[in-house]
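Read the structure below first, then the notes.
The values are calculated or read from the model by the stated rules, or taken from the named source; none is laboratory data. These numbers were taken from a predicted model, which means no experiment stands behind them. Keep in mind that these areas ignore ligands, DNA and RNA; they rest on the heavy atoms of the full protein, side chains included. Shrake-Rupley method; radii C 1.70, N 1.55, O 1.52, S 1.80 Å.
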Amino acid sequence: MDDDRDLEFEVGELLYDLCVRLGFCLPPEANRRLVEAPPAGVDAFTDAVFEAEGMGDMSYTDLRRQVRAVVDQHMSRWPRR
């Protein structure tokens, strides 16, 4: 399996985890965009998740911290590009 397919799988796993653990179940189009072109950094990915949920104003600090922790946990295991 090549690195792009590995990364697509890993992003899918991350999005699934966010949905199950924290209720961030993104619309299919947002999922597709993130799988095809995931933001490179933890903060950028976290911001993209909040934007896709329509919560981009960043006033959800505790929830953002929880989402960021899940993103960081997953991204630390992703294949390097």
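For this structure, a couple of remarks:
- Accessible area per residue for region 11-81, computed on protein heavy atoms with a 1.4 Å probe, is 58 Å².
- Taking the empirical scaling 2.2 N^0.38 Å for compact globular proteins as reference, the chain has a Cα radius of gyration ratio of 1.01.
- Contour minus Cα-Cα distance for Cys19 and Tyr60 (0.36 nm per residue): 13.1 nm
- Share of carbon and sulfur in the accessible heavy-atom surface of the chain [1.4 Å probe, %]: 49
- Stretchable slack from Ala30 to Asp6, in nm (0.36 nm times residue separation minus alpha-carbon distance): 6.7 nm
- Only helical runs count toward this figure. For the chain, summing -39,500 (n - 2.57) over DSSP H runs of n ≥ 4 and dividing by all residues gives -22000 deg cm²/dmol at 222 nm.
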